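Read-outs: derived from the displayed coordinates by stated rules, not from any lab. As the structure is a computational prediction, the values presented were derived from the model and not from experiment. Quick reminder, even Gly has a Cβ in these numbers, built from the backbone with ideal geometry, and neighbours come from all protein chains shown.
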Amino acid sequence: MGELKHCAKCGESKPLAAFYRDVSTNDGHRSTCHECDTARQRERRTRGKGDLRVTSGDLRKSPDVTPGPPGPPGDLQASGCALWVAVVAEWDLDAHELQLLHETARTVDLCDRLQVVLDDEGAMSESSQGVRVHPAAVELRQQRIVLARLLVALNLPSGEDGATARPARGVYSIRGGAG
Ligand SMILES: [Zn+2]
């Protein structure tokens, strides 16, 4: 009794009672004290944060983390990012689908930028030939068609604004309406 053991971690000499029992060691106790063991367990639970001083043996054990959804690619703007995050949070996409999603998110961003231009300058622009449809409006319509195709390819529900569900021009005409 009264025997002191040197902790391999904090370097303090403590009574044997301050060490957990471990039959695999020479003296039947762990080489690190209660406090150090507890501290290490806490570190491992908050893995990746703060000062991790784990031994090489601990690093060998692979942490059982399930990878979260992939983050949005860096080239996406706010709208594209929002779409990306919303989709990957709900669906488990394979590499091919992620590529499609990236393409789709970029198209959403482009539509966004075109819309900003139109909001700023108006859908009609005046030129020497008179009032013409703004080129951005033409491009926006093109991109919306691209976007609709991408969404179909991704097999996701279409957007709430109905832009992706609109039939192509001339598919049908409303009869008997206001005339
Ligand atoms: Zn210690």
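Inter-label distance, K9 to N26: 2.1 nm, where each label sits 7 Å from its Cα along the C-beta direction. For the stretch 103-112, backbone phi angles converted through the Karplus equation (6.51, -1.76, 1.60; θ = phi - 60°) give residue-by-residue couplings of 4, 4, 5, 5, 5, 4, 4, 5, 4, 4 Hz, Gly and Pro being listed as x. Length available on full extension from R45 to I145: 0.36 nm per residue minus the Cα-Cα distance, which gives 31.2 nm. Over the stretch 78-154, Cα pairs under 8 Å with separation of 6+ residues give a relative contact order of 34 percent.
Size descriptors for the stretch 78-154, from the alpha-carbon set: Rg then Dmax equal 15.4, 53 Å. Distant-in-sequence amide contacts of D22, defined by a placed amide H-H separation under 5 Å and a gap of 5 or more residues or a different chain, comprise H29, R30.
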